[in-house]
1. Ordered by packing density, taken as the mean number of other Cβ atoms within 10 Å over each peptide's residues, highest first, how do A:62-75, B:207-220, B:27-40 rank?
2. Helix A:190-210 versus the longest principal axis of chain A: what angle, 0 to 90°, nearest 10, using Cα atoms?
3. Need one number: the % of Cα-Cα pairs in segment B:255-330 sitting beyond the 19 Å mark.
4. Could you give the C-alpha radius of gyration of segment B:203-259 expressed as a fraction of 2.2 N^0.38 Å, taking N as the number of residues it contains?
5. Could you tell me what fraction of 2.2 N^0.38 Å the Cα radius of gyration of segment A:1-111 comes to, as a two-decimal ratio?
6. For segment B:184-309, how big is Rg over Rh, using alpha carbon atoms and the Kirkwood form of Rh?
7. May I ask what percent, to the nearest 5, of DSSP beta bridges between residues of the protein assembly as shown are antiparallel?
8. For a quick protection proxy, order the peptides B:194-202, B:244-252 by their average other-Cβ count within 10 Å, most packed first.
């Protein structure tokens, strides 16, 4: 996977969050402040513009620029959290022109650890971590078991989906939804939902390029 | 929902342009979304920077001026500003005496201000943060992101701003800001939701006979829903909740704040009930504000904020202030 692969991933994310903008915003309206889809759509639009202007010769540089742009342009909690996730993943990928699946799995683990450190969230607290953590372990497990790229990316996306769905029955303990207390139960967490979309985009790009 | 806007995408920048045109005392950097005093930083004075999502006007830009803030940075509607903006603001007000960041306790505001403080430290600017978390509707930080920053933000900005104007060092300005926060409590009630311009529909729906108790300032739902009641009953419920958290006695600074869509006549009805309630507790309202100071777009409703005053805090509250939204003594 080269820089072009990661640019294609970001382009796919931008398209998906644009399509799902109102859905994410509605999820946020139920237990937050109705801006998640709007902010991510604005943020990834800015990332596309930044990638079009700057040279990003390596996978790491694509993700680092993505993260830095999200931090600079999005605001809210999602800007620093997604920005940190992409920056940490990019740093973990290093300077090489190509990365393999184990390196990508390591990068997602770095992303997860960056998000958890910044947001102080653990699994089960109804946040993006509830999609990112199981997806990351699923990818690492698949890689360790010698799965094909197609199998590995499908496992990643399926685990992210299941994680996001599992947030419906959780009571939020972090983020704005936590103010609702027990009333936050019964709604999918918007951050977990957008994380699942982002990881789906990764799978879709990988499967498309494998064809 | 009808709104007086040109486009949902230009709400914040169009409003900033209007603020700049209306108030020559302010310098407004529309591109970076930073509002500062037109005169620039005052030598030897601690700079006060606040920021948060737009949609709470006059907070924060309306409180930039003598005796209060040196800079404010609004984000998008209900979205915290970004670290770059906060850094621009921090550098603009830095005169070497350090900078106080007034941060309302929301995950986004806290994370972005934290990143901005690190960037400012890299440039050799000493930054002290004060975290405002006065909203008692959020019960327990063990199970939540912690209490939200609401009405007490106005008190913190006014009182810390007054002390900074007297050339106090950063440590003292930060200490008085934290003291005001610790001595303040708020509770909010909504009669209607509000509509984020880019979202186009109300954040939540309330029936004709329903109210939302324990709201924040972002149109988010509150802790519970209840039936519409009289101003006296609703005010008592709000003050009972505050009294249970911080017994109400002695000299108090009280703000009855409109959420944006509440007629002033109703805010005075609420103020009368607050006055009656507190008199019944043997407390004395020695200073007050009634009006729209920290709003939630066009939401109907109010919040009540109480600060237990000391002689020092009263003196700082009374000090001259000259901003678009708060002005006296000068």
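Coordinate-derived values only; no laboratory data. Since we're looking at a predicted model, the values are computed, not measured. Methodologically, a virtual Cβ is constructed for each residue, glycine included, from the backbone with ideal geometry; neighbour enumeration extends over all protein chains shown.
1. Descending mean neighbour count gives A:62-75, B:207-220, B:27-40.
2. Approximately 20 degrees, to the nearest ten.
3. The answer is 44 percent, as a whole percent.
4. 1.27
5. The reported ratio for this selection is 1.06.
6. Ratio of gyration radius to Kirkwood radius for segment B:184-309: 0.97.
7. Among the beta bridges of the protein assembly as shown, antiparallel pairing accounts for roughly 55 percent.
8. Result, highest mean Cβ count within 10 Å first: B:194-202, B:244-252.
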